[in-house]
Ligand SMILES: [Zn+2]
């Protein structure tokens, strides 16, 4: 590729966030299937709805066309064609918080994330994120996100004494890797019951669509969800604001 030459690309992407930029432009953060995170400018997007239409809502799955120039940080976003748009389905506070939590996590991922696997996880979870049925998909997303990033500890055994803990439950700490037995627990550790560990192992084996056939009220896997979110927050080194919002949802 010649220096300075514009490279036009097309591919699947998920819209994460937008910000007003200059006069009538929008700055858009995207997660692309092949190239991971991308920031670009949608020119005149505030004024003209023609090229972008409703495609700039968070977590809209689009086929995007954009142009990149070497050494330029911002791409030029040319056109978005909507593949699916979760915000057009029925929403409530919990569903919006769950959708925005996924966007927030994707937006904070460090460079070098396994793009294709993360992308497929996000799309599969979004499909199941239905009104009144958000708790399992969002838990599934957080657990799998940790696993895909290599942050999920082995849950079946104590990291110190290697004892099998599948029927005892485990202790985890906000400051140390791995889970432990009761005897080896670190100061300030939190207990995760054996049932929660079993649910986690089921989520690692099953598909989100398959698990969505079961009933998952908010209280089910509550501790597991808290564990997965805290693990994400520890590795992302930030608080997930949408996780706090989700916790408040009825
Ligand atoms: Zn131990």
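The values are calculated or read from the model by the stated rules, or taken from the named source; none is laboratory data. Treat the numbers as computed from the prediction; the structure is a model and nothing was measured. With ideal geometry, Cβ positions are generated from the backbone for all residues, glycine too; neighbour counts draw on all protein chains shown.
Each residue in segment 176-201 was checked for being more than 13 Å from the ligand (Cβ to nearest atom) and either under 19 Å from residue 219 (Cα atoms) or touching a residue at least 24 places away in the same chain (Cβ under 8 Å) (or both), and 13 of them qualify. Listed conditions (1) within 16 Å of the ligand (Cβ to nearest atom); (2) touching a strand residue (DSSP E or B) at 6+ places or on another chain (Cβ under 9 Å); (3) over 16 Å from residue 223 (Cβ atoms) are all met by residue 113, apart from (1). In segment 51-66, the residues that are without any contact (Cβ under 8 Å) to a residue 40 or more places away in the chain form Cβ pairs under 9 Å with partners that are in a loop (DSSP other than H, G, I, E, B) and surrounded by fewer than 17 Cβ atoms within 10 Å (Cβ to Cβ), at six or more places apart or across chains, as follows: 51/44.
Does segment 1-14 include one or more residues that are at pLDDT below 90, touching a strand residue (DSSP E or B) at 6+ places or on another chain (Cβ under 8 Å) and surrounded by 14 or more Cβ atoms within 10 Å (Cβ to Cβ)? The answer is no; no qualifying residue exists. Of the candidates 165, 126, the single residue that is under 23 Å from the mean Cα position of the chain (by Cα) and either assigned by TED's automatic domain parsing to the domain that holds residue 237 or more than 22 Å from residue 249 (Cβ to Cβ) (or both) is 126. Counted as qualifying within segment 169-250 are the helices (runs of 4 or more DSSP H) with 3 or more residues that are out of contact with any strand residue (DSSP E or B) (no Cβ under 8 Å at 6 or more places or on another chain) and surrounded by fewer than 18 Cβ atoms within 10 Å (Cβ to Cβ), namely 194-205, 222-236, 241-248. Comparison of 55, 45, 75 shows that the only residue that is under 20 Å from residue 109 (Cβ atoms), buried (at least 17 other Cβ atoms within 10 Å of the Cβ), outside the structural domain of residue 117 (by TED's automatic domain parsing) and in contact with a strand residue (DSSP E or B) (Cβ under 8 Å, 6 or more places away or on another chain) is 75.
In summary, residue 31 fulfils each of the numbered conditions (1) assigned to a loop (DSSP other than H, G, I, E, B); (2) buried (at least 18 other Cβ atoms within 10 Å of the Cβ); (3) touching a helix residue (DSSP H, G or I) at 6+ places or on another chain (Cβ under 9 Å) with the single exception of condition (1). Across segment 116-155, the number of residues qualifying as over 20 Å from residue 92 (Cα atoms) and outside any helix (DSSP H, G or I) comes to 7. For segment 47-59, check the following and say yes or no: at least one residue is part of a strand (DSSP E or B) and over 19 Å from residue 127 (Cα atoms). Scanning segment 47-59 turns up no residue that is part of a strand (DSSP E or B) and over 19 Å from residue 127 (Cα atoms). Of the listed requirements (1) surrounded by 14 or more Cβ atoms within 10 Å (Cβ to Cβ); (2) within 16 Å of the ligand (Cβ to nearest atom); (3) more than 15 Å from residue 226 (Cβ to Cβ), residue 134 misses just one: (2).
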